[in-house]
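Novice: I am attaching a structure below and will ask some questions about it afterwards.
The values are calculated or read from the model by the stated rules, or taken from the named source; none is laboratory data. Bear in mind that the values here come from a model prediction, so they are computed numbers and not experimental data. Here the Cβ is made from the backbone with ideal geometry for all residues, glycine too, and neighbour counts use every protein chain on show.
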Amino acid sequence: MLMLDFHPTGRHFLQIPGPSPVPDRVLRAMSYPTIDHRGPEFGVLGLKVLADVQRLFKTRQPVIIYPASGTGAWEAALVNTLSAGDHVLMYETGHFAALWNKLAVRLGLKTEVMGLPGPDAWRHGVRADLIEERLKADTAHSIKAVCVVHNETSTGVTSNIAAVRKAIDAAKHPALLLVDTISGLGSADYRHDDWGVDVSISGSQKGLMLPPGISFNALSVKAIEASKKATLPKAFWAWDEIIEMNKTGFWPTTPNTNLLYALSEACDMLLEHGLDAVFARHQRWAEGVRSAVRAWGLQIQCADAAVYSPILTGVMTPEGIDADAVRKIIHERFDCSLGTGLGKIKGKMFRIGHLGDSNDLTLLAALAGCEMGLKLAGVKLAGSGVQAAMDYFSSHAAAVPSRKAA
Ligand SMILES: *Cc1c(COP(=O)(O)O)cnc(C)c1O
């Protein structure tokens, strides 16, 4: 049996920053029988998940659920709000921001990429002051949208979206604000309405601890107005018919029923625990992992402590050590998958995910795998990261424990 080859003994450690480990409770929910997507029970499920995801995005406006990966929702956000040749400002924080730009170019948008110069560009968050300066110079208001990535999964940097909103307002600029929180939603603080985001884009397989296959567009009144005039071709991605049918809990086309069971279950888990407690849980795990990296004497990819990601940590390998060779050893010897370096930082760093179904001991085991693998790869470590993380976890109890005391 082929499957047994993939699962030798024990659990594989899926420590990549998405797809994340899916809780058993969510996997079981997916195994309920598939039902009639035009029948009465489905409408109840549809209305429930639509209301739940509004709570996750913190919005009162419609949220569109697509049976697609995050890339589909990226495309949907652009084709619903923009027209061919529109000037769009794309802030490059890392590989995902760069990929979103590539997609926008393919759609026929005139993109302007901005970001920090030099080799450290991918070690920082969005600089709202640079956006403000650029928008102030655009007195003709030719820029139609500002696109930023909230949690840059390629680097482990979580940008300040409220500051970007403030920058757009300070420049008195009418551009739409489009934000990719594909890996952030459900694990890092996110406030669609408060932060004045026009379209928030997310996906299922990262912070939401679901399998791949669902993605989202959360909308604003302004985005819906823009969608009535935008002329980029759209059919499957068009918001109007979906919003109309969603009023009764249904979709114009076949939704992915079993993934919606999973979504319902994951939302229950996140909302029962409380979003603030979930965010604090990931912050705590992130600090534990970073204390390990510091003890090893290695550099964290994110160079600014104010924007460390609660979802993943990028670990830079020393000059001359191929990060992918380290990952290969850890995978082969210890059955643990780590995220590869993407784009221009490939081979120079690897990524440890602290998202999805996890706990202190899962992370300690993953760090033990990293520590052994780094040593086997010939990296001279300054000290034990596992010990540092144990010290951190034991001296910082979770504010809201995952397990209630008996
Ligand atoms: C994963 C990811 C994407 C791409 O989503 P897919 O589901 O792979 O299409 C885009 N942006 C960010 C920030 C991501 O983490």
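Novice: Test of understanding: among Leu361, Leu367, Leu376, Leu355, which residue is modelled with pLDDT of 95 or more, closer than 13 Å to Trp285 by Cβ, surrounded by fewer than 18 Cβ atoms within 10 Å (Cβ to Cβ) and of a type outside the set (D, E, K, R)? Explain how you work it out, then say what you get.
Specialist: On the way: Leu367 fails: surrounded by fewer than 18 Cβ atoms within 10 Å (Cβ to Cβ); Leu376 fails: closer than 13 Å to Trp285 by Cβ; Leu355 fails: surrounded by fewer than 18 Cβ atoms within 10 Å (Cβ to Cβ).
Exactly one residue qualifies, and that residue is Leu361.
Novice: Those residues that are more than 16 Å from the ligand (Cβ to nearest atom) and either in the same structural domain as Phe279 (by TED's automatic domain parsing) or in a strand (DSSP E or B) (or both), I need them from region 44-72; list them, please.
Specialist: Correct list: Val63 only.
Novice: Same structure again: Give the residue, chosen from Met209, Met316, that is on the phi > 0 side of the Ramachandran plot and at pLDDT 95 or above. Steps first, answer last, please.
Specialist: Working: Met316 fails: on the phi > 0 side of the Ramachandran plot.
The match here is Met209.
Novice: Looking only at region 67-89, which residues are over 26 Å from Arg134 (Cα atoms) and of a type in the set (Val, Ile, Thr)?
Specialist: Scanning region 67-89 gives a single hit, Thr71.
Novice: State which residue pairs qualify: first residue β-branched (Val, Ile, Thr) and inside region 223-247, second residue outside any helix (DSSP H, G or I) in any location, beta carbons under 7 Å apart, and separation of 6 or more residues or different chains.
Specialist: Correct list of pairs: Thr231/Ser83; Thr231/Ala84; Ile242/Ile64; Ile242/Trp251; Ile242/Pro252; Ile243/Pro62.
Novice: In a helix (DSSP H, G or I), aliphatic (A, V, I, L, M) and within 16 Å of the ligand (Cβ to nearest atom): does that describe Val179? Working first, answer last.
Specialist: Values: in a helix (DSSP H, G or I): no; aliphatic (A, V, I, L, M): yes; within 16 Å of the ligand (Cβ to nearest atom): yes.
When the stated conditions are applied, Val179 does not pass them.
Novice: Out of all the residues in region 219-234, is one or more within 16 Å of the ligand (Cβ to nearest atom) and either modelled with pLDDT of 95 or more or within 14 Å of the chain's Cα centre (by Cα) (or both)?
Specialist: no
Novice: Determine which member of the set Ala76, Ala29 is surrounded by 14 or more Cβ atoms within 10 Å (Cβ to Cβ), aliphatic (A, V, I, L, M), in the same structural domain as Ala223 (by TED's automatic domain parsing) and closer than 24 Å to Glu225 by Cα. Can you show your working first?
Specialist: Values: Ala29 fails: closer than 24 Å to Glu225 by Cα.
That would be Ala76, the only listed residue that is surrounded by 14 or more Cβ atoms within 10 Å (Cβ to Cβ), aliphatic (A, V, I, L, M), in the same structural domain as Ala223 (by TED's automatic domain parsing) and closer than 24 Å to Glu225 by Cα.
Novice: Any residue in region 179-199 that is in contact with a helix residue (DSSP H, G or I) (Cβ under 8 Å, 6 or more places away or on another chain), farther than 25 Å from Ala306 by Cα and surrounded by 21 or more Cβ atoms within 10 Å (Cβ to Cβ)?
Specialist: no
Novice: Quick check on this structure: which one of Glu75, Glu41 is within 16 Å of the ligand (Cβ to nearest atom), among the acidic types (Asp, Glu) and in a helix (DSSP H, G or I)? Don't jump to the end; show me each part of the working.
Specialist: Values: Glu41 fails: within 16 Å of the ligand (Cβ to nearest atom).
Result: Glu75 is the single residue among Glu75, Glu41 that is within 16 Å of the ligand (Cβ to nearest atom), among the acidic types (Asp, Glu) and in a helix (DSSP H, G or I).
Novice: Take the residues in region 158-190 that are under 14 Å from the mean Cα position of the chain (by Cα) and of a type in the set (D, E, K, R), then tell me which one is farthest from Pro211 (Cα to Cα).
Specialist: Out of the qualifying residues, it is Asp189.
Novice: Let me ask you something else. Given the residues Ala162, Ala223, Ala167, which is the only one that is outside any loop (DSSP other than H, G, I, E, B), within 20 Å of Thr71 (Cβ to Cβ) and not aromatic (Phe, Trp, Tyr)? Full working, then the answer.
Specialist: Values: Ala162 fails: within 20 Å of Thr71 (Cβ to Cβ); Ala167 fails: within 20 Å of Thr71 (Cβ to Cβ).
After ruling out the rest, the residue left standing is Ala223.
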